[in-house]
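Visitor: This is the structure I have questions about; it appears just below.
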Amino acid sequence: MFPAAFDYRAPTTLGEALDILKERCDDAKVMAGGQSLIPLLKLRFSQPALVVDIGRLPDMADIKRDDGHVRIGALVRHVDVERSKELAKLVPLMVEAVHWIADPLVRNRGTVVGSVCHADPSGDWGSIMLALNAELVAQSKSGQRVIPVDGFFEGPFTTSLRPDEVVTVIRIPLPSGQAGGSYHKLERKVGDFATVAVSVQVELDGRKVKTAGIGLTSVGATNIKAKKAEQSLSGRELTDDVIAEAARLAATEAEPKDDIRGTAAYKKDVVRVFVQRGLKAAFARAQEVKA
Ligand SMILES: Cc1cc2nc3c(=O)[nH]c(=O)nc-3n(C[C@H](O)[C@H](O)[C@H](O)COP(=O)(O)OP(=O)(O)OC[C@H]3O[C@@H](n4cnc5c(N)ncnc54)[C@H](O)[C@@H]3O)c2cc1C
C-alpha cells in the first residue's frame, strides 16, 4: 500500500527544524530512521500533511560521556549501539539488548531515540531506558525540557512529547559503583517483537543493592517500570528469597492480555522467571566490575 500524499522537508539545522515544527506542528510528523513511521504511513494509520526528516541534522549521531551521564544523540542508530566500545564498557545492558531488536536491515536505519518516541509497548528500548532511569532532552522554539522516561509513556504509541518538540538526546545516568544489567526476551522467531521481555539493572553497595531498575516489555499498554519490585530490592542482599519476592511482585505489576503469542497468565509467569534470571545475571555481572 502507498502512503497518502505528504509534503517533505529535510532541514539541515535544528533551528530550521524547530521553526518548521512551530509553524506546522498540528499536521507534521518528525522522521528519524523511518523504520516505524514509514510502515504507519503505508498502512495509513498515520496521515501527516508534512514529514520533517531530521536525518540531516548535525551533531546528533554521537554517543558521549558527559557530566555523570552517557548521552545518546537522536540519530544514534541501533547498529551504532551494537558497535560502540564505549557503551560496552559504560552501559553493557544496551549492547547486550540491541542484538534482540529486529534484524540487521532495521538496525542499520532505526534510531534508539525514535524507538523510545514511537512508544510501542512491544518496543525494547523503552523498558531498557526505564530500567536505566534515563531522561529525554526535548527542544522546541520555546526552550528545552528534560523528561524522565518514567512518566513519558502515556499509552500505546502516545507520549508526553509535544508536537512542536524534537528529542535531541537521551541521557543515561552512570552508576557510581559496581553495576550490571541483563536483558531477557522471548520471541516467536528471530527479529520478532517480544512475547515478553524484561530488562534489569542493579547497582551495588558492597553486597547490598543500592538501586535496582526493572523494565517490562509487551505486557501492558506501555513499557512498564516495575516499581514495587524495584523498591523491594533496595538495601537488601540478593538472596534467593529476595530475588523470588521481587520476581513475584514484578509479575503482579505486568498487565498482559491473552493474544496469539500466549495467555496473560503465561506471560506473567514469564515475567517472574525473567526477573529472577535477570537479577541473578545482573548481580553476577556487577560483582565482576572492579570496585
Ligand atoms: C520489521 C521490523 C521489526 C522490528 N522489530 C523490532 C523489535 O524487535 N524491537 C523493537 O524495539 N523495535 C523493533 N522495530 C522498530 C524499530 O526499532 C524502529 O527503528 C524504531 O521503533 C523507530 O526508530 P526510527 O528512528 O526508525 O523512528 P521513526 O520511524 O523515524 O519514528 C518513529 C516515531 O518517533 C518519532 N520520532 C523519531 N525521532 C524523534 C525525535 N528525535 N524527536 C521526536 N520524535 C521523534 C516520529 O515522529 C515517529 O512518531 C522493528 C521495525 C521493523 C520495521
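Visitor: Name the one entry in Ala138, Ala131, Ala102 that is open to solvent by less than 10 Å² (accessible area, probe 1.4 Å), within 13 Å of the ligand (Cβ to nearest atom) and either touching a Leu at 6+ places or on another chain (Cβ under 7 Å) or under 23 Å from Thr195 (Cβ atoms) (or both).
Guide: Going through Ala138, Ala131, Ala102 in turn, just one is open to solvent by less than 10 Å² (accessible area, probe 1.4 Å), within 13 Å of the ligand (Cβ to nearest atom) and either touching a Leu at 6+ places or on another chain (Cβ under 7 Å) or under 23 Å from Thr195 (Cβ atoms) (or both): Ala138.
Visitor: Quick check on Ala179: is it farther than 18 Å from Lys267 by Cα and crowded, with 24+ Cβ neighbours inside 10 Å? Break it down into steps so the answer makes sense when it comes.
Guide: Working: farther than 18 Å from Lys267 by Cα: yes; crowded, with 24+ Cβ neighbours inside 10 Å: no.
Spelling it out, it is not the case that Ala179 is farther than 18 Å from Lys267 by Cα and crowded, with 24+ Cβ neighbours inside 10 Å.
Visitor: Here are some residues: Ala244, Ala221. Which one is in contact (Cβ under 8 Å) with a residue 24 or more places away in the chain and in a loop (DSSP other than H, G, I, E, B)?
Guide: Every option except Ala221 fails the conditions.
Visitor: Could you list, in sequence order, all residues of segment 65-97 that are assigned to a strand (DSSP E or B) and under 17 Å from Arg109 (Cα atoms)?
Guide: Correct list: Ile72, Gly73, Arg77.
Visitor: Give just the number: which of (1) more than 9 Å from the ligand (Cβ to nearest atom); (2) at pLDDT below 95 does Arg83 not satisfy?
Guide: (2)
Visitor: Also, quick follow-up: With the requirement that a residue be at pLDDT 95 or above, open to solvent by less than 20 Å² (accessible area, probe 1.4 Å) and more than 14 Å from Lys280 (Cα to Cα), what does segment 188-217 give you?
Guide: Ala194, Thr195, Val196, Ala197, Gly215, Leu216, Thr217
Visitor: Another one. Restricting segment 164-188 to residues that are part of a loop (DSSP other than H, G, I, E, B) and within 16 Å of the ligand (Cβ to nearest atom), which is farthest from Gly278 (Cα to Cα)?
Guide: Checked segment 164-188; the qualifying residue farthest from Gly278 (Cα to Cα) is Asp164.
Visitor: Kindly indicate which of Arg44, Arg71 is at negative phi and either within 11 Å of the ligand (Cβ to nearest atom) or basic (Lys, Arg) (or both).
Guide: That would be Arg71, the only listed residue that is at negative phi and either within 11 Å of the ligand (Cβ to nearest atom) or basic (Lys, Arg) (or both).
Visitor: Oh, and also: Can you spot a residue in segment 166-180 that is touching a Ser or Thr at 6+ places or on another chain (Cβ under 6 Å) and in contact (Cβ under 8 Å) with a residue 12 or more places away in the chain? Give the derivation first.
Guide: Filtering segment 166-180 for residues touching a Ser or Thr at 6+ places or on another chain (Cβ under 6 Å) gives none.
No.
Visitor: Note down all Cβ pairs under 6 Å where the first residue falls in segment 263-277 and is at pLDDT 95 or above, the second is crowded, with 21+ Cβ neighbours inside 10 Å and not aliphatic (A, V, I, L, M), and they're at least six residues apart or on different chains.
Guide: These pairs meet every condition: Ala264/Pro256; Lys267/Pro256; Phe274/His184; Arg277/His184.
Visitor: Take segment 194-212 and flag every residue that is over 16 Å from Glu96 (Cα atoms) and either of a type in the set (Gly, Ala, Ser) or within 16 Å of the ligand (Cβ to nearest atom) (or both).
Guide: Passing the criteria: Thr195, Val196, Gly206, Ala212.
Visitor: Determine whether segment 23-38 contains at least one residue that is open to solvent by less than 30 Å² (accessible area, probe 1.4 Å) and of a type in the set (Ser, Thr, Tyr).
Guide: no
Visitor: Report whether or not Ala284 is surrounded by 14 or more Cβ atoms within 10 Å (Cβ to Cβ) and in contact (Cβ under 8 Å) with a residue 12 or more places away in the chain.
Guide: No.
Visitor: Taking Asn133 as meeting all but one of (1) part of a loop (DSSP other than H, G, I, E, B); (2) polar (S, T, N, Q); (3) in contact with a helix residue (DSSP H, G or I) (Cβ under 8 Å, 6 or more places away or on another chain), write down the number of the exception.
Guide: So Asn133 meets the others, but not (3).
The values are calculated or read from the model by the stated rules, or taken from the named source; none is laboratory data. All values reported here derive from a predicted model rather than from experimental measurement. Neighbour counts are summed over all protein chains in view; Cβ atoms, including those assigned to glycine, are modelled from backbone coordinates with ideal geometry. For accessibility, only protein heavy atoms count, side chains too; no ligands or nucleic acids. Shrake-Rupley method; radii C 1.70, N 1.55, O 1.52, S 1.80 Å.
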